[in-house]
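Here's the structure we're looking at; comments come further down.
The values are calculated or read from the model by the stated rules, or taken from the named source; none is laboratory data. Note that the structure is a prediction, hence the values are computed from the model and not measured. Ideal geometry is used to build each Cβ from the backbone, glycine not excepted, and the neighbour counts take in all protein chains shown. Remember, those area values only see protein heavy atoms, side chains included, never the ligands or the DNA or RNA. Shrake-Rupley method; radii C 1.70, N 1.55, O 1.52, S 1.80 Å.
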Amino acid sequence: MIVELGHFALITALLVSIIQGGLGLIGARQNNDYLMGVSLKATHIQCFLLLLSFSALVYAFWRSDFSVLLVASNSHMNKPLIYKIAGTWGNHEGSMLLWVLMLGIYGAAFAALSSKVILAFRARVIGIHGFMSSTFLGFILFTSNPFERLLPAPYEGNGLNPILQDPALAAHPPLLYAGYVGFSITFAFAVAAMLDSKMNHQWAILVRRWVLVSWVFLTLGIGLGSFWAYYELGWGGFWFWDPVENASLMPWLAGTALLHSVMVTARNGQFMRWTLLLAILTYALSLIGTFLVRSGVLTSVHAFANDPERGVYILFIIVVSIGAALAVYARAMRQDMPRVQANLMGRESFLMLNNVFLATATTTVFIGTLYPLFVDALGFGKISVGAPYYAAVLMPICVPFFMLLPFGPFLSWQKTKASKFLKPLLGAVVLSALSVAAFWQIRPSLGVPVAFALLGSFWLIFGALAAPVGRARLFSTGGLSRLFKLPRPLYAATLAHAGIGVMLLGIIGTTAWREELVVAANEGEQMSVGDYRFVFEGVSIHEGPNYLAERGSLKFLSGAREGDRLYPEKRVYQAERSQTTEAAIDVSLMRHVYAALGETLEDNRRVIRIWLHPLVVLIWLGGLMMALGGMVGLSARRLT
Amino acid sequence: MTRRVILMILALFLPLTAHSLAPGEALSDPILESRARSLSLEIRCLVCQNQSIDDSDADLAKDLRLLVRERLVKGDSDADIKKMLTDRYGEFVLFRPTFSGHNIALWLAPFIALLLGLFAFLHIIRQSKNNGPTG
């Protein structure tokens with residue numbers, strides 16, 4: 001019954017979204033307040049219906065209602081409650097329902113938060129957004145219905161892939177989708193502005209909050225996904241350049257570019273053409289990411305060709321919505337826009353360079369991800385594009401980008417005197433060099449490439465900090481009180497930019513200084529890696545809620561952790577008939593000790609793997625700093 | 001008894017996650033071993049999902065790791081080993097696509113994008129200079 005109610009709510013949501021779209025656009029054209037008012041109300045009704053529908057599906061998962069096909073194929077009675085619920089979006093149909101729920105929430109949030117905006121513009125945004133929602137609701141109802149029944153109902157479900165039964169992966173999709181889908185508002189904003197000839201700096205001021213909100217969510221979502229991969233996949237890699245990861249990285253890079261270009265547009269309308277295009281493309285990349293992940297095209301072009309229904313539908317959504325937006329764009333570009341006035345030493349030009357680098361990075365990831373599909377489809381055979389490619393190609397982009405980055409926040413609009421940034425940045429250079437020298441003391445075998453990479457990361461950190469220090473003239477009288485009275489966006493930029501440096505430091509730490517030990521050990525055998533010594537205390541069997549685990553015990557014999565133990569596990573999930581490795585990690589800021597339990601050899605010895613990952617935690621700390629920077633930026637009344 | 005049963009059950013299931021090197025695989029010569037590691041990172045485990053043979057514990061990955069080391073000990077160059085693997089498995093085995101044939105666009109596109117961007121940037125700067133400070 002409740003399931004039917006959810007299904008019914010979903011169908012009704014589709015109808016409401018069409019009404020929202022139609023009345024919004026017609027009302028705006030005829031300037032009919034009544035129609036526009038109805039369209040605004042419809043966003044709330046649509047959001048409510050989608051919440052209802054989503055709750056119904058969550059309920060079905062919670063109660064393990066195996067008469068619902070989706071629950072039967074993706075859940076199991078024995079799963080802990082949290083993973084029954086999170087299992088709702090651990091599959092294609094449920095995650096698409098989550099996607100439209102996000103669309104509904106963003107639509108309603110925009111309607112509720114935009115009361116100061118001219119009604120006709122609001123109605124256009126909401127109208128466009130309504131139709132975007134309709135296309136996805138149609139997709140779900142026609143190709144991916146989560147409420148399909150299975151009769152007779154089986155006694156037990158198939159279970160959820162055990163590597164998805166994890167707290168981080170329960171929260172990862174909602175965060176990621178809140179990011180992806182947020183860019184739908186930006187997109188609707190851009191199209192509405194072009195239809196309405198509202199392409200001015202007021203528009204940009206309004207849109208940038210939504211850009212920032214989406215960007216913060218996307219940053220958190222990607223960070224969490226990377227953290228999950230680190231501890232769940234068994235050896236401590238944090239980014240694999242997997243097409244699925246790239247699918248989220250592309251909109252993030254484009255969104256970061258948008259975040260910066262909209263700053264210029266919000267000031268005086270410059271860069272308008274570029275900002276509008278980026279707003280369209282960022283959402284397009286979110287859609288393309290969804291297409292890549294959801295159509296099966298990644299596993300193989302041929303698998304896609306055999307079962308193309310879903311992929312073709314998403315491709316259809318992409319072509320129609322992006323095509324229409326680009327057509328509107330081409331028409332709107334005939335209008336006059338403010339000419340770009342950029343002096344080489346002004347903030348405009350540095351933001352422009354930022355966009356050159358980020359757009360190139362986006363293009364690179366796009367090509368690297370799609371090229372193998374392209375080559376395969378043309379019949380040239382299969383190729384692989386992996387980490388070595390991205391490292392080789394992104395390096396020449398990152399080096400000048402990171403070198404120039406700390407200058408940005410110092411620069412005034414139009415023109416800046418070199419004296420404004422010369423001293424603080426010289427200070428940053430000196431501090432960076434000293435830090436590298438300190439590292440050289442600790443690790444004499446540093447090597448020149450690593451030393452330069454370190455220099456880069458410290459330059460980013462100290463360079464970012466130099467901006468508030470320099471602009472407050474901290475070391476002259478009254479400096480400290482000035483430091484707390486700087487414009488909030490400067491703190492935001494400092495935090496986010498320093499976050500890049502902190503992340504880079506983490507990447508260098510774990511890439512250059514990772515230590516690894518692989519041994520086959522008997523019970524009671526001692527082993528050492530780096531400064532640590534361990535004794536292997538054997539394996540015991542533990543029973544989890546829905547798995548059996550072999551739990552190894554490793555006791556620290558030396559170092560600050562002496563006497564502590566690590567318990568790496570190997571788990572078997574009987575229902576899902578699969579096995580996972582649960583690494584045990586000793587967490588500290590300076591290094592992670594990461595232990596994994598391997599297989600049993602014929603002579604009964606046990607394979608143990610221990611890694612030291614120095615500074616690795618800084619990778620996610622840096623990501624968190626970026627997201628926090630975004631939040632600080634959001635809290636500012638003005639965003640320049 | 002239960003322990004043995006559980007171990008048997010464990011052995012039946014396919015692992016979903018990865019591991020690298022098994023004990024005893026590593027070469028005693030540290031220079032050769034470090035070459036083997038960096039080479040392994042560039043070679044795809046063909047039966048895995050986007051993993052290099054260095055990260056995977058599939059049987060094929062293990063065989064290839066041993067093969068790479070065997071060849072290195074015999075004195076083969078990195079290029080020889082890559083050639084041998086592509087002859088056997090096709091280009092799919094390389095995570096770093098070759099710089100040739102239909103891959104040229106893949107390698108050049110990012111640099112062309114960067115150059116176009118920088119060109120546009122310089123163009124705009126020059127134009128604003130000609131237009132004077134107000135405009």
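Each semi-axis of the equivalent ellipsoid for the range A:491-537 is √(5λ) with λ an eigenvalue of the Cα gyration tensor; in descending order they amount to 38, 10, 7 Å. Normalised by the number of residues in the range A:142-282, the average gap of Cα pairs under 8 Å and 6 or more apart makes the relative contact order 29 percent. Derived scalar couplings between HN and Hα for the range B:45-55 equal 7, 6, 9, 10, 8, 6, 10, 7, 5, 6, 9 Hz in order, rounded to whole Hz, by the Karplus curve 6.51 cos²θ - 1.76 cosθ + 1.60 (θ = phi - 60°), x for Gly and Pro. Here A:Lys79 is the anchor, and the lysines within straight C-alpha reach of less than 27 Å, apart from those fewer than 8 places off in the same chain, are A:Lys570.
For the range A:333-458, the C-alpha radius of gyration divided by 2.2 N^0.38 Å, with N the number of residues, is 1.46.
So what are the range A:1-158's ellipsoid semi-axes, whole angstrom, largest first, if each one is the square root of 5 times an eigenvalue of the alpha-carbon gyration tensor?
Values: eigenvalues 245, 37, 22 Å².
Listed largest to smallest, the semi-axes of the range A:1-158 are 35, 14, 11 Å.
Computed from the C-beta positions of A:Leu634 and B:Lys62 and an R0 of 60 Å, the FRET efficiency is 0.75 to the nearest 0.05. Checked against a 22 Å cut-off, the cross-linked pairs B:Lys62/B:Lys82; A:Lys198/B:Lys129; A:Lys116/A:Lys485 give Cα-Cα distances beyond that limit for A:Lys198/B:Lys129; A:Lys116/A:Lys485.
Sort all Cα-Cα distances of the range A:370-519 into consecutive 10 angstrom bins from zero, then give the percent of pairs in each bin up to the one containing the longest distance. Histogram of Cα-Cα distances, whole percents per bin: 10, 31, 27, 18, 10, 4, 1, 0. Residues whose amide H lies under 5 Å from that of A:Val616, counting only those 5 or more places away or on a different chain, are A:His592; hydrogens are built 1.01 Å from N in the peptide plane.
Comparing Cα centroids, the range A:136-201 and the range A:26-51 end up 22 angstrom apart. A full extension of the chain between A:His44 and A:Leu378 corresponds to an added length of 115.6 nm, given 0.36 nm per residue minus the alpha carbon distance.
Per the helix-only calculation at 222 nm, which mean residue ellipticity applies to the protein assembly as shown, given -39500 (n - 2.57) for every DSSP H run of n ≥ 4 and division by its residues, nearest 500 deg cm²/dmol?
Values: 24 runs with 484 residues, N = 775.
Value at 222 nm, helices only, nearest 500: -21500 deg cm²/dmol.
Accessible area per residue (1.4 Å probe, heavy atoms of protein chains only) ranks A:Leu23, A:Leu554 as A:Leu23, A:Leu554, with the largest value leading. Normalised by the number of residues in chain A, the average gap of Cα pairs under 8 Å and 6 or more apart makes the relative contact order 12 percent.
Any idea what diffusion coefficient the range A:534-640 gets from Stokes-Einstein, in µm²/s, Kirkwood Rh on alpha carbon pairs, 37 °C, 0.692 mPa s? Value of D from the Cα-based Kirkwood radius: 199 µm²/s. By the Cβ-Cβ criterion of under 4.7 Å, the unpaired cysteines of the protein assembly as shown are A:Cys47, A:Cys398. Rg/Rh for the range A:69-135 (Cα atoms only, Rh after Kirkwood) is 1.21. Exposure check, 1.4 Å probe, all protein chains in place: A:Val430 carries approximately 80 Å² of accessible surface.
With Cβ to Cβ distances under 13 Å as the rule, what net charge do the other residues near A:Glu525 carry (K, R +1; D, E -1)? Show your work: numbers first, answer last.
On the way: positive: A:Arg533, A:Lys555, A:Arg605, A:Arg606; negative: A:Glu523, A:Glu537, A:Asp603.
Charge balance near A:Glu525 sits at +1.
So if each residue of separation counts as 0.36 nm, and I subtract the Cα-Cα distance between A:Val312 and A:Thr477, what length gain in nm does that give?
Working: separation 165, 0.36 × 165 = 59.40 nm, distance 6.57 nm.
Here the answer is 52.8 nm.
Expressed as a fraction of 2.2 N^0.38 Å, the value expected for a compact globular protein of N residues, the C-alpha radius of gyration of the range A:1-64 is 1.36. For the range B:86-130, a Kirkwood radius taken over Cα pairs fed into Stokes-Einstein (37 °C, viscosity 0.692 mPa s) yields D = 249 µm²/s. Computed from label points 7 Å out along Cα-Cβ, the spacing between A:Met395 and A:Ala153 is 5.9 nm.
A cut-off of 5 Å between modelled amide H atoms, ignoring neighbours fewer than 5 places along the same chain, links A:Ser75 with A:Asn158, A:Gly159. Taking every alpha-carbon pair in the range A:218-308 and binning the separations at 5 Å intervals from zero gives 3, 13, 17, 16, 16, 14, 10, 6, 3, 2, 0 percent.
Over chain A, what portion of Cα pair distances is larger than 46 Å, expressed as a whole percent? Walk me through the intermediate numbers first.
Numbers: 47432 of 204480 pairs.
Summing the P(r) tail past 46 Å for chain A gives 23 percent.
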